[in-house]
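Below you'll find the structure, written out as structure tokens, and then a few comments.
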């Protein structure tokens, strides 16, 4: 059975691969599982048909027979549990790989998303520079801690896992902020993720959707 | 083997059960697994000995033989996968329970934590009221969506699961804000969680630690 995922008809990141369908596409490419994509406009995401799949009206979702899932982390874990390639067989190493999945989404991502949102929506606020500095400080702390744990290792815990996959997608959102470059080990870690053939296939697939949306016309997307 | 978890020697929430060790204690009480607790001061959490267990210098951690885990969500999932009571046997229902674990921590918790942090640290900032309103609006949106999905059901997806456990602990942080009371179904859902005997045992255990810390002297904790 070919699973169906949902993605933005026109991603607000202009095809930079920061939308959360990228995580699921990458996981599926890593394990060699074909998939189909149903594209949604922003209005469609808040309609009853989609809310029946995803109560928070977001992408991605996962449909596979009777099973419907939302939350990119849960979908990546579901893929990892059903195909070899994203979780080690050793029980302790497997628990640690899942731990890194939670760490990516629960501890590293929040300040990074805050930073994106602050830059997008608070530019006209009083003390904007001070607010950005505060969120950057929280982000830098996480990066410093993560870099210390990574040390000279290539990946978080031995072989590439769903933990690395989610961590790299979370860190990618910092591209262009200069923060990755302050932590050369993390910068190289992210680069190792991007160089994986499965990453490239997933990236190209989501980028093609964005290019198609431009050719299809409509108003230009917000930057 | 009795697992060892870490917790605050003196919780900044003054024993209200909002620290993340509560989630792990509750999960262990639900499945009837005894555990030991090692208490840490704030300085100890940032020392090399603890950073070797938890790279981000937080609580809780999990030590069980050679296995060391951090991230409360990952620890609760580990407990749920090794003991009956927190995940259904049916594969699809099991995937959905894990999905709700990720949803609690990845989608519902972030605006709630933002609201706590805004109230704690930005009270003296210009436009404080406006900032609180903005974060409350994001929180209300999540509560409205969650309430719509919950409908008249007692729990998120059939039997009580690790998804309910994490969701209730996330929502508990809203006590005293008035936001829970705006959503009677969610308010009742949280109350159902709090009424579980395992919740009460976990709550009492963490509360006793706080009371002990008061008797042990030292400066009074911040409110």
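Before moving on, here are some points about what is shown:
- Flag: residue A:179 does not match the condition of being closer than 23 Å to residue A:32 by Cβ and in contact with a helix residue (DSSP H, G or I) (Cβ under 8 Å, 6 or more places away or on another chain).
- Residue A:74 being crowded, with 20+ Cβ neighbours inside 10 Å, closer than 23 Å to residue B:142 by Cα, free of Cβ contacts under 8 Å to residues at least 12 places away in the same chain and at the interface with another protein chain (Cβ under 8 Å from one of its Cβ atoms): yes
- Looking only at region B:32-60, residues that are touching a helix residue (DSSP H, G or I) at 6+ places or on another chain (Cβ under 6 Å) and under 19 Å from residue B:81 (Cβ atoms) come to 2 in all.
- Single residue of A:191, A:198 found to be more than 28 Å from residue A:82 (Cβ to Cβ), modelled with pLDDT of 95 or more, within 16 Å of the chain's Cα centre (by Cα) and not in a loop (DSSP other than H, G, I, E, B): A:191
A quick yes/no check of all residues on (1) within 24 Å of residue B:112 (Cβ to Cβ); (2) more than 20 Å from the chain's Cα centre (by Cα):
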{"residue": "A:79", "(1), (2)": "no, no"}
{"residue": "A:90", "(1), (2)": "no, yes"}
{"residue": "A:99", "(1), (2)": "yes, no"}
{"residue": "A:109", "(1), (2)": "yes, no"}
{"residue": "A:114", "(1), (2)": "yes, no"}
{"residue": "A:129", "(1), (2)": "no, yes"}
{"residue": "A:151", "(1), (2)": "no, yes"}
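- Test for residue B:166: is it part of a helix (DSSP H, G or I), outside the structural domain of residue B:35 (by TED's automatic domain parsing) and surrounded by 13 or more Cβ atoms within 10 Å (Cβ to Cβ): yes
- Scanning region A:97-139 for residues that are assigned to a helix (DSSP H, G or I), free of Cβ contacts under 8 Å to residues at least 40 places away in the same chain, facing chain B (nearest Cβ under 8 Å) and closer than 17 Å to residue B:135 by Cα yields A:110, A:114.
- Only one of A:54, A:82, A:78 that is in contact with a strand residue (DSSP E or B) (Cβ under 9 Å, 6 or more places away or on another chain) and under 18 Å from residue A:33 (Cβ atoms): A:78
- Residue within region A:149-172 that is away from chain B (no Cβ under 11 Å) and farther than 20 Å from residue A:100 by Cβ present: no
- Residue tally, condition part of a loop (DSSP other than H, G, I, E, B) and in contact with a helix residue (DSSP H, G or I) (Cβ under 9 Å, 6 or more places away or on another chain), over region A:75-96: 6
- Every condition in (1) buried (at least 18 other Cβ atoms within 10 Å of the Cβ); (2) in contact with a helix residue (DSSP H, G or I) (Cβ under 7 Å, 6 or more places away or on another chain); (3) not assigned by TED's automatic domain parsing to the domain that holds residue B:18 is met by residue B:205 except one, and the failing one is (3).
- Set A:10, A:20: member being touching a helix residue (DSSP H, G or I) at 6+ places or on another chain (Cβ under 8 Å), more than 14 Å from every other protein chain (Cβ to nearest Cβ) and touching a residue at least 40 places away in the same chain (Cβ under 8 Å): A:10
- Selection status of residue A:23, surrounded by fewer than 23 Cβ atoms within 10 Å (Cβ to Cβ) and more than 19 Å from residue B:149 (Cα to Cα): no
- The lone exception for residue A:61 - which of (1) surrounded by fewer than 20 Cβ atoms within 10 Å (Cβ to Cβ); (2) more than 9 Å from chain B (Cβ to nearest Cβ) it fails: (1)
The values are calculated or read from the model by the stated rules, or taken from the named source; none is laboratory data. Just so you know, these numbers come straight off a predicted model, no measurement behind them. Positions of Cβ are generated from backbone atoms using ideal geometry, with glycine treated the same way; all protein chains shown enter the neighbour counts.
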